[in-house]
Amino acid sequence: MILYPTETTYGLGVNPFDEVELGKLYEVKGRNRSKAVSWLVRSVDDIERYAQLSPLARRIADRHLPGPLTIVLPTLDGDELRAFRISSDPAAQQLIEQFMAEHDVPLTCTSANLSGQPTLATPQQIMQQLSANVGAIDRVIDDGPRGAQPSTVVKVTDDKLEILRQGSTELASDI
């Protein structure tokens with residue numbers, strides 16, 4: 001498991017297709033397995049490997065990614081929804097480039113905190129909060145404090161937009 005910075009907060013990353021690692025992630029966060037986690041990818045092309053991008057979703061992605069936006073889209077088979085991030089943070093960008101080059105899969109992008117607890121600004125504070133399960137974190141990328149508003153989360157199905165959480169990204173009114 002990797003503790004890494006984004007432009008908003010620190011995130012926890014594992015291979016989302018590795019059930020053992022994914023289980024550890026949920027255990028570390030104390031998060032209910034019924035709550036999905038976002039995936040960090042390099043580009044909109046990566047999103048298209050896993051999800052349907054409607055014309056509206058494409059416009060939103062082109063205008064706001066990379067950046068503090070999480071976009072929830074139907075998977076290619078349409079059976080479920082999946083959330084994606086493309087971070088504008090240089091450390092996160094370098095990490096996902098390396099991770100996807102090595103593993104050819106996304107990295108989870110969920111806030112590095114105990115479920116229901118505040119998101120903290122530094123790896124030291126985060127490690128203290130996660131102290132009971134800190135041994136599951138194999139790598140820490142410390143790039144200084146983070147304390148920005150969380151990402152805006154939008155769901156786009158067909159040509160319908162729903163803001164699930166208003167964060168630091170204001171969507172353009174002309175989308």
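Data for the structure
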quantity	calculated
Subset of the stretch 27-47 (residues that are surrounded by 16 or more Cβ atoms within 10 Å (Cβ to Cβ), out of contact with any Cys (no Cβ under 9 Å at 6 or more places or on another chain) and not aliphatic (A, V, I, L, M))	LYS29, ARG31, ARG42, ASP46
Any hit, the stretch 8-17, residues being in a loop (DSSP other than H, G, I, E, B), touching a residue at least 24 places away in the same chain (Cβ under 8 Å), surrounded by fewer than 22 Cβ atoms within 10 Å (Cβ to Cβ) and aliphatic (A, V, I, L, M)	no
Breaking point among (1) under 20 Å from ILE71 (Cα atoms); (2) out of contact with any strand residue (DSSP E or B) (no Cβ under 8 Å at 6 or more places or on another chain); (3) not in a helix (DSSP H, G or I), for PRO118	(1)
Matching residues in the stretch 18-51 - criterion: being touching a strand residue (DSSP E or B) at 6+ places or on another chain (Cβ under 8 Å) and either more than 24 Å from PRO74 (Cβ to Cβ) or in a loop (DSSP other than H, G, I, E, B) (or both)	VAL28, LYS29, ARG31, ALA36, VAL37, SER38, VAL41, TYR50
Within the stretch 60-115, tally of residues that are out of contact with any Gly (no Cβ under 9 Å at 6 or more places or on another chain), farther than 30 Å from ASP159 by Cβ and outside any loop (DSSP other than H, G, I, E, B)	8
Residue check for LEU107: closer than 15 Å to ILE137 by Cβ and crowded, with 19+ Cβ neighbours inside 10 Å	yes
Enumeration of residues in the stretch 121-160 that are buried (at least 21 other Cβ atoms within 10 Å of the Cβ), touching a helix residue (DSSP H, G or I) at 6+ places or on another chain (Cβ under 7 Å) and either small (Gly, Ala, Ser) or not in a strand (DSSP E or B) (or both)	LEU130
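The numbers here are math on the coordinates, done by the rules we state, and not lab data. Because the structure is predicted, anything quoted here is derived from the model rather than measured. All Cβ positions, glycine included, derive from the backbone under ideal geometry; neighbour counts span all protein chains shown.
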